[in-house]
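Enquirer: Sharing a structure with you now.
Each reported figure results from applying straightforward, stated rules to the coordinates on display, with no laboratory input. All values reported here derive from a predicted model rather than from experimental measurement. When we count neighbours, we look across all protein chains shown, and the Cβ atoms used for this are built from the backbone with ideal geometry, even at glycine.
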Amino acid sequence: MTAMSTDVERAVAELRRALARAAFATFTGDVTRRQANVLRELRASGPMSQVRLARATGSEQSSVVRALDDLEKNGLVERHRGKTDRRKKIVSLTPKGRAALGPLDGAHRRLARAAEADLNAEERAQFVALSAKIVRSLDAVAERAGAAEELAPTCGAEESET
């Protein structure tokens with residue numbers, strides 16, 4: 001690994017840690033940061049298997065299952081067996097879960113404003129462009145490895161994983 005790639009990796013990791021610290025301090029109520037990520041992913045992508053949800057959120061499957069247990073207990077998500085593969089559990093957002101995202105979205109917007117407060121318009125545009133470039137590079141790596149297909153929205157199609 002070159003010094004530059006190490007610097008980029010370190011910068012991304014530090015940004016992620018700072019975001020996690022700020023999110024922890026900002027998000028209040030009965031929904032944890034991990035649960036909020038799960039709810040947001042389900043809203044964005046629709047029903048999906050627990051395995052795909054773990055991959056999409058970049059979380060360990062066991063952590064997602066624990067989050068889902070709590071979310072299901074509170075009526076924010078529901079799980080059901082797959083139609084073609086009964087071993088698979090499909091997770092979907094309930095109306096109560098969708099409603100719970102409102103206050104979380106407000107907290108997220110406040111956090112986003114705080115994150116960009118010290119950047120001028122040109123710096124924000126540069127950051128967004130550079131981030132998009134890094135995302136494209138990482139997506140290309142994932143695509144070559146076959147992972148991008150596993151994370152692509154399936155428009156209601158079921159997966160073969162549990």
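Enquirer: Around Gly46, which amide H atoms from residues at least 5 apart in sequence, or from another chain, sit under 5 Å from its own amide H, with H modelled in the peptide plane?
Expert: none
Enquirer: Tell me the relative contact order for segment 3-151 as a rounded percent, counting alpha carbon contacts under 8 Å between residues six or more apart.
Expert: Answer for segment 3-151 is 21 percent.
Enquirer: While we're here: Of the labelled options [x] -0.29, -0.55, -1.33; [y] -0.26, -0.47, -1.24; [z] -0.26, -0.50, -1.42, which one gives log10 I(q)/I(0) by the Debye sum over Cα atoms at q = 0.08, 0.11, 0.19 Å⁻¹ as computed for this structure?
Expert: Of the listed options [x] -0.29, -0.55, -1.33; [y] -0.26, -0.47, -1.24; [z] -0.26, -0.50, -1.42, [x] comes from this structure.
Enquirer: Listing Val65, Val77 from the residue with the fewest other Cβ atoms within 10 Å to the one with the most, what is the order?
Expert: Exposure proxy ranking, most exposed first: Val65, Val77.
Enquirer: Shifting gears a bit: Going by how many other Cβ atoms sit within 10 Å of their own, how do Val8, Val91, Val128, Val64 line up, fewest first?
Expert: Ranking Val8, Val91, Val128, Val64 by Cβ neighbours within 10 Å, fewest first, gives Val128, Val8, Val91, Val64.
Enquirer: To the nearest Å, what is the center-to-center distance of segment 9-26 and segment 56-87, using C-alpha atoms only?
Expert: Value for the Cα centre distance between the two parts: 25 Å.
Enquirer: Sticking with this structure for a sec: Towards the positive end of the charge dipole of segment 3-151, with charges on Cβ (+1 Lys, Arg; -1 Asp, Glu), say which of Thr26, Val64, Gly75 has the farthest Cα.
Expert: Comparing the listed Cα positions along the dipole, Gly75 ranks first.
Enquirer: Taking amide H positions as placed in the peptide plane 1.01 Å from N, state which residues far from Val77 in sequence (5 or more) or on other chains have amide H under 5 Å from it.
Expert: Those lying under 5 Å, H to H, from Val77 are Glu72, Thr94.
Enquirer: A further question follows. Would you mind ranking Thr26, Thr57, Thr84 by Cβ crowding within 10 Å, fewest neighbours first? Could the numbers behind the result be given before it?
Expert: Working: Thr26 14, Thr57 17, Thr84 10.
Ascending number of Cβ neighbours within 10 Å: Thr84, Thr26, Thr57.
Enquirer: Enumerate by residue number the trypsin sites (Lys or Arg not before Pro) in segment 79-108 meeting two conditions: DSSP loop (anything except H, G, I, E, B), and at most 15 other Cβ atoms within 10 Å of the site's Cβ.
Expert: Lys83, Arg86, Arg87
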